[in-house]
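Trainee: Once you've had a glance at the structure underneath, I'll fire off some questions.
The values are calculated or read from the model by the stated rules, or taken from the named source; none is laboratory data. Model, not experiment: these values are computed from the prediction. Methodologically, a virtual Cβ is constructed for each residue, glycine included, from the backbone with ideal geometry; neighbour enumeration extends over all protein chains shown. Ligands, DNA and RNA are excluded from the accessible area calculation, which covers all protein heavy atoms including side chains. Shrake-Rupley method; radii C 1.70, N 1.55, O 1.52, S 1.80 Å.
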Amino acid sequence: METDNNAMSEVMIRIEGLSKTFRTKDAEVEALKDINLDIHAGEIYGIIGMSGAGKSTLVRCLNYLERPTKGNVYVEGKNLADMDERELRSTRKRIGMIFQHFNLLMQRSVLGNVLFPLEIGKVPGEQAKKKAMELLGLVGLSDKAGVYPAQLSGGQMQRVAIARALAADPKILLCDEATSALDPATTKSILELLSRINKELGITIVIITHSMSVVEEVCTHVAIIDGGVLAETGEVKEVFAHPRTDAAKRLFMESGAHEGLVTELKGKHCIRIVFTKNSSFEPVIANMVLSVGTPVNILLADTKDIGGIAHGQMVLQLPEDEEKAQAMVEYLKTRKLDVEELTDYVQ
Amino acid sequence: MFSEKIISMLFENTLITLYMTVASTLIAYVIGLPMGILLVLSAKDGLRPNAVLYKALDVIVNLLRSIPFLILLVLVIPLTRAIVGKSYGPTATIVPLTIAAAPFIARLVESSLREVDPGVVEAAKSMGADNFNIVTKVLIPEARTALITDATVALVTILGYSAMAGTVGGGGLGDIAIQYGYYRYQTDIMFATVILLVLLVQILQWAGMRLARALDRRVRS
Ligand SMILES: Nc1ncnc2c1ncn2[C@@H]1O[C@H](COP(=O)(O)OP(=O)(O)OP(=O)(O)O)[C@@H](O)[C@H]1O
Ligand SMILES: [Mg+2]
């Protein structure tokens, strides 16, 4: 499901028939099963899935921190399986990585942390320092160069980690749950930074997350991974508007839904509406209720106003009266909203 | 209280004790530190798993650590003679002290390096660091507080061993305590050596902890 535009641009990462099985003493875990995925230059690719789906395993296979059991990973056309340890290390320098728990060197200052990859790359002292300071400027921490990580907030630590990951001029940045330990406001600012890095430095970014809102916020493309299998891939707006698989639908439902509330409600007829750039920015739900003359329950609302256009989704529980329910669906359709019937949303 | 002669003897033997302790600790580190690093590297979940090497080191360390020091002292006499030329006196005592301390230090180093956050090691790997980089730039610096604490523990333990060695002619404060307190019933001199030993331990402990804390950057100041 690639658009023409993508097909023409360079493939940065090609994942081909990748499987990973962990063998422990008493069990075998098939963490990944036959994954195929192309990530093109300049994309921000979200890989989303529930806990244990295999996201971390997948991203660790992209720089061979984990060796696949089967299949191949190509980075800029080169098969990682063909590389010896030395070549692998130099390839890893082209691939930055950031983590949920930042993984900074706690005994090194902020500057020392950013210098680390430059020391490994044997960049001479003065030049390395200049580069590190530039990067600290980019992430907005120039004034913290001499401070130690223990004195920083989580968001600041992640910024240091980003500066450090960028020090060796990578072409790719891998982010494994990079915002999962941060509050919503900090998450937003980190995502904005990643988006800026993608645009200004032209770095391809892979974002691993279990949160739909992270994908929505910055990703151009998304892959949904479920039980070690890629369930669905494509452009974010496409997948979001027309999820084809149960895994995708489940993920969309999960984000922000109040499960406790849902189980208490009585009506069975629920719909999901998706706001895209076609949708007009009017109080559409209020107008619908006024025109049909019956209230609805909003079970989930996850919308944003981006440049005067509503983005996001809502889940509505319609009146038990089927006629009125149909009238509402019709009304929403005339407002160019995607309406999807939900079965079993309410138990 | 004491004659000038005795005071200068106590002073001299304090220095001898320090000499034995510090010299054997240093030499033991030359052996024990690489052993500890190899134990961490070759372990099953290490950077370079090697079951044979790990098992061999593990057995050697356990074996040496299970021999009581006084017996070890006697056991290694031929080796001590071969290296130092005689089997008694402070310099000769350094040999058994080192042999006793090296495996002990290897274990201390091993457990301290293991405490380094695996996530940080993973981050270093993702940046293209090789194992040498990881040991020298990640494991040791990140574990430095624990390593300094280890060194303090090692010094204090070896100080105790050296006093034990003194009882069989090893020289130093232990020797004085036995000579005067046990054979000549001059208990005041024996007490003086005990007080000196306690003071040495206190000073080493205090200095070690202070240094460890001063070099720890994980605390918010
Ligand atoms: N080193 C390992 N040994 C054995 N099993 C493993 C190992 N690493 C991962 N697994 C298993 O593989 C599966 C996928 O794990 P993975 O960490 O990739 O999931 P994840 O999608 O990142 O989950 P989370 O959102 O909780 O981080 C899990 O069942 C996990 O238990
Ligand atoms: Mg994970």
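Trainee: With only alpha-carbon atoms in the gyration tensor, what are the semi-axes of the equivalent ellipsoid for the range A:1-106, in Å, largest first?
Mentor: Here the semi-axes work out to 23, 18, 16 Å.
Trainee: Any idea of residue A:197's accessible area? Nearest 10 Å², probe 1.4 Å.
Mentor: Residue A:197 has an accessible surface of roughly 0 Å² with all protein chains in place.
Trainee: Another one. Distance between Cα centroids, the range A:321-336 to the range B:144-177: provide it in whole Å.
Mentor: The two parts, judged by their Cα centres, are 87 Å apart.
Trainee: Place a +1 charge on the Cβ of each Lys and Arg in the protein assembly as shown and a -1 charge on the Cβ of each Asp and Glu, then give the dipole magnitude about the Cα centre in debye, rounded to the nearest 20.
Mentor: The dipole of the protein assembly as shown has a size of about 2460 debye.
Trainee: So what is the calculated 222 nm ellipticity per residue for the protein assembly as shown, using -39500 (n - 2.57) for each DSSP H run with n of 4 or more, over all residues, to the nearest 500 deg cm²/dmol?
Mentor: -16000 deg cm²/dmol
Trainee: Mind checking A:104-112 for the average number of partner chain beta-carbons within 10 Å of each residue's beta-carbon?
Mentor: 5
Trainee: Which value in Å is the Kirkwood Rh of the range B:127-190 over different Cα pairs?
Mentor: Result for the range B:127-190 stands at 14.6 Å.
Trainee: For chain B, which DSSP H helices look membrane-span-like by this rule: Cα extent along the axis of 24 Å or more and mean Kyte-Doolittle of at least -0.5?
Mentor: B:4-42, B:90-114, B:144-166, B:187-214
Trainee: Put a dot 7 Å past each Cα toward the Cβ at residue B:111 and residue B:74; how far apart are the dots in nm?
Mentor: Reported label-point gap for residue B:74 and residue B:111 is 3.0 nm.
Trainee: Sort A:189, B:3 by heavy-atom solvent-accessible area, probe 1.4 angstrom, most to least.
Mentor: B:3, A:189
Trainee: I need the chymotrypsin sites (Phe, Trp or Tyr not before Pro) found in the range B:147-213, filtered to DSSP loop residues with at most 12 other beta carbons within 10 Å of theirs.
Mentor: Those that pass, being in a loop and sparsely packed, are B:185.
Trainee: Taking each residue of A:148-157 in turn, how many C-beta atoms of other protein chains fall within 10 Å of its C-beta, and what is the average?
Mentor: The mean count of partner-chain Cβ atoms within 10 Å per residue comes to 2.
Trainee: I want to make sure I understand the PRE zone here: with the label point 7 angstrom from the Cα of residue A:119 toward its beta carbon, which residues in the range A:80-94 have backbone N atoms less than 20 Å away?
Mentor: What the label zone holds, given the 20 Å backbone N cut-off, is A:89-90, A:92-94.
Trainee: Using DSSP to define loop residues, name the trypsin sites (Lys or Arg not before Pro) in the range B:81-129 whose beta-carbon has at most 15 other beta-carbon atoms within 10 Å.
Mentor: Answer in residue order: B:86.
Trainee: Still on this structure, I have one more. So, R0 is 45 Å and r is the distance between the beta-carbons of residue B:44 and residue B:184; what FRET efficiency does that work out to, to 0.05?
Mentor: Efficiency at R0 = 45 Å is approximately 0.20.
Trainee: Please calculate the 1.4 Å probe accessible area of residue B:127, with all protein chains present, and give it to the nearest 10 Å².
Mentor: Ignoring ligands and nucleic acids, residue B:127 comes out at about 20 Å².
Trainee: Still on this structure, I have one more. Describe numerically, in nm with one decimal, the distance between label points set 7 Å from Cα along Cα→Cβ at residue B:67 and at residue B:214.
Mentor: 3.8
Trainee: Would you tell me the accessible area of residue A:183, worked out with a 1.4 angstrom probe on the heavy atoms of the protein chains, in Å² to the nearest 10?
Mentor: My reading of the accessible area for residue A:183 is about 80 Å².
Trainee: Of the accessible area of the protein assembly as shown, with the probe set at 1.4 angstrom, what percent is carbon plus sulfur?
Mentor: 57
Trainee: In square nanometres and to one decimal, what's the mean projected area of the convex hull around the Cα atoms of the range A:85-194?
Mentor: Mean projected area for the range A:85-194: 6.7 nm², to one decimal.
Trainee: Of the peptides B:51-57, B:130-136, A:224-230, how do they stack up when ordered by the mean number of other Cβ atoms within 10 Å, highest first?
Mentor: A:224-230, B:130-136, B:51-57
Trainee: Using only Cα atoms, tell me the angle between helix A:322-334 and the longest principal axis of chain A; keep it within 0 to 90° and round to the nearest 10.
Mentor: With rounding to tens, the tilt is 50 degrees.
Trainee: Provide a whole-number value for the mean count of partner chain Cβ atoms within 10 Å of the Cβ atoms in peptide A:81-93.
Mentor: 2
Trainee: Please list the three semi-axes, largest first and in whole Å, of the ellipsoid equivalent to chain B, using sqrt of 5 times the eigenvalues of its alpha carbon gyration tensor.
Mentor: Value: 38, 22, 11 Å, ordered largest first.
Trainee: Given a Förster radius of 51 Å and the C-beta distance between residue B:83 and residue A:242 as r, what FRET efficiency does 1/(1 + (r/R0)^6) yield to the nearest 0.05?
Mentor: So, using R0 = 51 Å, E works out to roughly 0.05.
Trainee: What is the Cα coordinate range of chain A on the first, second and third principal axes, sorted by size from largest, in whole angstrom?
Mentor: 74, 47, 44
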